[in-house]
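Quick notes on the structure that follows.
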Amino acid sequence: MPTSVLDLAPVVPVVVIEDAAAAVPLARALVEGGLPVIEVTLRTPAALDAIRAVAAAVPEAVVGAGTVLTPEQVRECVAAGARFLVSPGWTDGLLTAMAASGVPYLPGVSTASEVVALLERGVREMKFFPAQAAGGTAYLRSLAGPLPQARFCPTGGIGPDNAPEYLALPNVGCIGGTWMVPPDAVAAGDWDRVRELARAAAGLRA
């Protein structure tokens, strides 16, 4: 796997799994649609089991953990098979644990000061969150001038309509979104719909 999660796919599905049994067919549908990188958020009790199941049964998927908030969660996610880690923000303790995890990680930022603080620590790849609320493409474009060495995965408020504008920015490697995994489709097991939405998302950069 390349050292950078940002270079694997233009769009990273941000997935909330309520039932771990859905994780494997969901991951297969996303991979078949052209989105091999999957961020499973730690927002439900099923998340770690979902990561474990996808890591074991869908080796062509690059499954990671999102909403990672504590050093303990870092350890649990890596043990479950997470191949990258994403946090909505960061502290020194969390950053230290993520750096020691052995897998790529994207700490969350929403201000220039947070970006500078991470650059000072040698971190150049970050999650920009909440993207739309924090200034969107205009803010990211403004950061590219003074901080060109920082690269971002913006997440939050991004959909198929504004995704191309984000992907066109020089400091954006990929974007995160939920629109290709609608909760009703996941609950119904409508993997054909997920596959088609993933296929459309995978083609956004082209």
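Some notes on this structure:
- Subset of region 106-134 (residues that are without any contact (Cβ under 8 Å) to a residue 24 or more places away in the chain and either among the acidic types (Asp, Glu) or touching an Asp or Glu at 6+ places or on another chain (Cβ under 9 Å) (or both)): 107, 108, 120
- Test result for residue 31, aliphatic (A, V, I, L, M) and at pLDDT 95 or above: yes
- Number of the condition not met by residue 126 [criteria: (1) touching a helix residue (DSSP H, G or I) at 6+ places or on another chain (Cβ under 9 Å); (2) surrounded by 14 or more Cβ atoms within 10 Å (Cβ to Cβ); (3) assigned to a loop (DSSP other than H, G, I, E, B)]: (3)
- Flag if residue 155 is surrounded by 19 or more Cβ atoms within 10 Å (Cβ to Cβ), modelled with pLDDT of 95 or more and under 17 Å from the mean Cα position of the chain (by Cα): yes
- Identification of helices (runs of 4 or more DSSP H) wholly contained in region 36-107 with 2 or more residues that are surrounded by 24 or more Cβ atoms within 10 Å (Cβ to Cβ) and out of contact with any Phe, Trp or Tyr (no Cβ under 9 Å at 6 or more places or on another chain) yields 47-57.
- Scanning region 135-148 for residues that are under 13 Å from residue 169 (Cα atoms) and touching a residue at least 24 places away in the same chain (Cβ under 8 Å) yields a count of 6.
- Being closer than 24 Å to residue 92 by Cα, basic (Lys, Arg), in contact with a Gly (Cβ under 8 Å, 6 or more places away or on another chain) and in contact (Cβ under 8 Å) with a residue 60 or more places away in the chain is true of residue 151.
Conditions tested, residue by residue: (1) modelled with pLDDT under 95; (2) over 20 Å from residue 131 (Cα atoms); (3) in contact with an Asp or Glu (Cβ under 7 Å, 6 or more places away or on another chain).
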residue: 173; (1), (2), (3): no, no, yes
residue: 177; (1), (2), (3): no, no, no
residue: 181; (1), (2), (3): no, no, no
residue: 193; (1), (2), (3): no, yes, no
residue: 197; (1), (2), (3): no, yes, no
residue: 204; (1), (2), (3): yes, no, no
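The values are calculated or read from the model by the stated rules, or taken from the named source; none is laboratory data. In this text, all values refer to a predicted model and were calculated from it rather than measured experimentally. Glycine gets a Cβ as well: all are built from the backbone with ideal geometry, and neighbour counts include every protein chain shown.
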